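The values are calculated or read from the model by the stated rules, or taken from the named source; none is laboratory data. Source: prediction; values computed, not measured. Counting neighbours? That spans all protein chains shown, and the Cβs are built from the backbone with ideal geometry, glycine included. Side chains included, ligands, DNA and RNA excluded: accessible areas come from the protein's heavy atoms. Shrake-Rupley method; radii C 1.70, N 1.55, O 1.52, S 1.80 Å.
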Amino acid sequence: MPAKFRQLFAQVDMTEGKPWEKIVVFTIPMLVGNIAQQLYNTVDSIVVGRYVGDNALAAVGSASPMLNLLLVLFVGISMGASIMVSQYFGSRDRENLSRTIGSTMTLTAAASLFLMVFGSMIIRPVLRMLNTPDTIMDWCASYLFILLMGIAGLAYYNILCGILRGLGDSLSALVYLLIATVINIILDVWFVAGFHMGVAGVALATVIAQVISAVMCVFKLRKMTHLFDMEWKYIRPHRENMMMVLRLGLPSGVTQAIFSLAMVIVQSLTNSFGEMVIAANVIIMRVDGFAMMPNFSFGTAMTTYAGQNVGARQLDRVKQGARQGTLIAAGTSAAITALILLFGRHLMAIFTNTTELVILSANMMSILAAGYIAMAVTQSLSGVMRGAGDTVTPMWISMITTVAIRVPLAYGIAWMTRTPELPQGRYECIWISLLVSWILGAVLTGLFYKMGSWKKKIPDQPAAAPET
């Protein structure tokens, strides 16, 4: 195997070498993995859309905003753990690295149990509050219930992958996810087309695949004894480490919560336009998931890059990597935007045979296209700030762009465009408001990065947990 190819799939120490090269080498396997992860929901949508119908497709999509809102605690744990792990890895602090990883695994178990019980109790009340049509209510509820019963698999996979990436290993997450994705696709078709289980079948297939990927992550971590120790004294609860993970991670969780809450509120508006617009929104969000993957991948890479170099006390290198990484991310998104504009209708036709739905989805997707370049800037620079320990600034920017801008703008445009023929207003408001929030988010993130307040969050030494 050529040396360059082996380097692409090796553990990456980002504290030395060319910044842009390290970022790209780390990002590519993670990008492939994120695309594979997006296949979970996409395959679900394709299978139910093709084998069950457009209403089943709408049910899966209507359930997603609520599920994302319930998962915000795991987003916070994953981000906090990734930041601490990357900083301790950069400073070569084996003791605190071991404590952080062990405490994170304990915290994830407690959070999974809480969400399994609490989440299953509020499914139907929340769906009713969101004006979910009666025609898809039972499908939405069963889909969410099954996913919540298997939430530990999803939680551990995503959080342990965050730990692996903090250690500079983006290959393992990729390999395990590719295996799980193939299993998910096979089970999707088997349960839905073979056993006729409907929406419940795709949910069950996803749970099984996620549990398998989580188990593989655990076995991988157990083999990395050259970097940290996984013994009971580290896995048992350590209050200081858990509080540190939550302190760093909860702002990111709140950011995701705000975004998910905005999606839930806008979903209520989307539901008012009927099943056709709901189904179009599902298709758009699935394609959007792939289009956004490079941005999320570069954002995560920049968090690891900044965290390792902050731990190694190399601030000038952090700034250099921020410039280079953001330019590469923006260029990648520009290419994706061009592809969306050229092949939009062909992409939409994968999900449904309904011509009207394909045309509606493609037209709405063209509204969002330019926003992906703006999101490249937001994700990259936010990743740098988070890696340096400033998770609060991205949270406030998210609050401004979603709560103060996107939601009021969506409802405002809908209200102003009401006519006797369109009593609910024009459905384009859903995607116009999202585009505006993305662009303003990029502007605000760039300004706050330039102001440099994130540098004040860098500790004189990486935070350490007390000895026991």
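Can you give me the accessible area per residue for the chain, using a 1.4 Å probe, in Å²?
Values: 18670 Å² over 468 residues.
Per-residue value: 40 Å².
Which whole-number percent gives the relative contact order of segment 69-143, counting Cα pairs below 8 Å spaced six or more residues apart?
Working: 24 pairs, mean separation 21.5, N = 75.
Relative CO of segment 69-143 lands at 29 percent.
Working from Cα positions, state the angle (0 to 90°, nearest 10) between the long axis of helix 94-129 and the longest principal axis of the chain.
20
Can you tell me how segment 84-195 classifies by the Cα gyration tensor, rounded, prolate or oblate, using a/c under 1.5 as the rounded cut? Show your work: numbers first, answer last.
Details: a/c = 3.29, a/b = 1.71, b/c = 1.92.
In terms of gyration-tensor shape, oblate.
Where a ≥ b ≥ c are the square roots of the eigenvalues of the C-alpha gyration tensor, would you call segment 29-90 rounded, which needs a/c under 1.5, or, failing that, prolate if a/b is larger than b/c, or oblate? Walk me through the numbers on the way to the answer.
On the way: a/c = 6.97, a/b = 2.09, b/c = 3.34.
Judged from the Cα gyration tensor, segment 29-90 comes out oblate (a/c at least 1.5, b/c at or above a/b).
Give the residue list of trypsin sites (Lys or Arg not before Pro) in segment 206-259 that are DSSP loop and have at most 13 other beta-carbon atoms within 10 angstrom.
On the way: sites: Lys220, Arg222, Lys223, Lys233, Arg239, Arg247; in loops: Lys223.
Qualifying residues, ordered by number: Lys223.
Considering the Cα trace of the chain, what is its radius of gyration and what is Dmax, both in angstroms?
That works out to 21.6, 71 Å for Rg and Dmax.
Angle, helix 275-311 long axis vs. longest principal axis of the chain, Cα atoms, 0 to 90°, nearest 10?
In the chain, helix 275-311 runs at an angle near 10 degrees to the longest axis.
How high is the relative contact order of the chain? Use alpha-carbon pairs under 8 Å, at least six apart in sequence, and give a whole percent. Walk me through the numbers on the way to the answer.
Working: 753 pairs, mean separation 107.1, N = 468.
The value is 23 percent.
Please report the projected area of segment 27-166's Cα convex hull averaged over all directions, in nm².
Working: hull surface 36.7 nm².
So the mean shadow area of the Cα hull is 9.2 nm².
Distance between Cα centroids, segment 338-354 to segment 55-93: provide it in whole Å.
Centre-to-centre (Cα) distance: 28 Å.
Lys456: which aspartates and glutamates have alpha carbons under 15 Å from its alpha carbon, excluding same-chain residues fewer than 8 sequence positions away?
In chain and number order, the partners are Asp316, Asp390.
Please give every one of the lysines within straight-line cross-link reach of Lys22, meaning a C-alpha to C-alpha distance under 21 Å, and leave out same-chain neighbours fewer than 8 residues apart.
Lys4, Lys319
What Kirkwood Rh does segment 292-438 have if only Cα atoms enter the pairwise 1/r average? Answer in Å. Could you put the intermediate results ahead of the total?
Details: mean 1/r = 0.0582 Å⁻¹.
Answer for segment 292-438: a Kirkwood hydrodynamic radius of 17.2 Å.
Beyond 26 Å, what percent of the Cα pairs of segment 161-316 remain? Don't skip to the end; give the middle numbers.
Numbers: 5841 of 12090 pairs.
Roughly 48 percent, rounded to a whole number.
Once you compute Rg and the Kirkwood Rh from C-alpha atoms, what is the Rg to Rh ratio for segment 69-124? Each step should come with its number before you reach the end.
Numbers: Rg = 14.1 Å, Rh = 12.4 Å.
Reported Rg/Rh, Kirkwood definition of Rh: 1.13.
For the residue pair Thr417 and Ile212, what label-to-label distance in nm results when each label sits 7 Å from Cα along the Cα-to-beta-carbon direction?
About 4.3 nm, to one decimal.
In degrees from 0 to 90, rounded to the nearest 10, what is the angle of the helix 371-387 Cα long axis to the longest principal axis of the chain?
Around 30 degrees separate the two axes.
How big is the charge dipole of the chain about its Cα centre, in debye rounded to the nearest 20, if each Lys and Arg gets +1 on its Cβ and each Asp and Glu gets -1 on its Cβ? Each step should come with its number before you reach the end.
Values: 32 positive and 23 negative charges, 229 e Å.
Here the size comes out at about 1100 debye.
Counting only GluC sites (Glu not before Pro) that are in a DSSP loop and have at most 16 other C-beta atoms within 10 Å, tell me the longest site-free stretch of the chain.
Working: sites that count: Glu16, Glu231, Glu421, Glu428, Glu467.
The segment 17-230 is the longest one with no such site.
Taking Lys223 as the anchor, which lysines have their alpha carbon closer than 21 Å to its alpha carbon, excluding any fewer than eight residues away along the same chain?
Lys233
Considering only DSSP states other than H, G, I, E and B, which trypsin sites (Lys or Arg not before Pro) in segment 43-144 qualify as loop sites with at most 14 other Cβ atoms within 10 Å?
Passing sites in segment 43-144 are Arg92.
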